[in-house]
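What follows is calculated from the coordinates using simple rules that are stated; it is not laboratory data. As the structure is a prediction and not an experimental result, all values here were calculated from the model. Ideal geometry is used to build each Cβ from the backbone, glycine not excepted, and the neighbour counts take in all protein chains shown.
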Amino acid sequence: MSMHSQFSIRPAQAADVAAIHAMIVELAEFEKLAHLMVATEAGLHDGLFGPHPACEAIVGVADGEVVCYALFFHNYSTFLARKGIYLEDLYVRHSQRGKGYGKQLLGALARLAVERDCGRFEWSVLDWNENAIRFYESMGAEVMPDWRICRVAGPALAALAGR
């Protein structure tokens with residue numbers, strides 16, 4: 001085997017669901033949120049490839065193995081009156097970091113956003129993840145200091161829905 005692995009990016013396929021799911025588990029552990037991880041391979045498959053897909057993914061393949069992924073979906077900006085791409089997850093397996101794969105995934109999604117005439121490409125980052133923040137800023141991303149994510153889930157969602 002050569003010192004340099006062959007790396008390529010392609011749209012995720014149904015056969016990639018197990019690998020993506022395994023990396024989502026790794027991501028949850030890294031973010032110290034494994035206790036919130038209830039997603040199953042079947043649920044992920046449905047979200048990506050079911051009759052009404054909720055998201056899309058691209059994967060990075062090195063030497064025939066899926067080693068990273070980016071999962072995303074379209075959002076909409078009323079101020080721009082255009083759709084955007086929202087990156088839900090970007091994850092590179094620990095053993096594969098430092099090879100530029102994350103940068104290549106972001107570049108592929110930026111190209112997709114341009115091809116799809118999107119007005120924005122955005123995502124969230126945990127405030128304690130300084131390495132990711134520096135990485136994203138080095139790629140030209142602006143970390144929005146005045147915005148906070150609001151979330152309603154579980155019993156609070158049911159209560160808000162009047163159930």
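Projecting label points 7 angstrom from Cα along Cα→Cβ for Arg120 and Lys103 puts them 2.6 nm apart.
For the chain, hydrophobic long helices are taken as DSSP H runs at least 20 Å long by C-alpha position along their axis with mean Kyte-Doolittle hydropathy of -0.5 or more; these are 101-115. The relative contact order of the range 7-123 comes to 23 percent, based on Cα pairs under 8 Å that sit 6 or more residues apart.
Spin-label pair Glu65-Trp147: with each label point 7 Å from Cα along the Cα-Cβ axis, the two points sit 3.6 nm from one another.
The simple Förster model, with R0 at 22 Å and r as the Cβ-Cβ distance, assigns Arg82 and Arg111 a FRET efficiency of 0.85.
The Cβ shell under 11 Å around Asp16 holds other residues with a net charge of -1, Lys and Arg each +1, Asp and Glu each -1. Excluding same-chain neighbours fewer than eight residues apart, the aspartates and glutamates reachable from Lys83 by a Cα-Cα span under 20 Å are Glu56, Glu115, Asp117, Glu122, Glu142. Which FRET efficiency value, to the nearest 0.05, is calculated for Phe49 and Gln96 with the Förster distance at 25 angstrom and r the Cβ-Cβ distance? Here the calculated transfer efficiency is 0.50.
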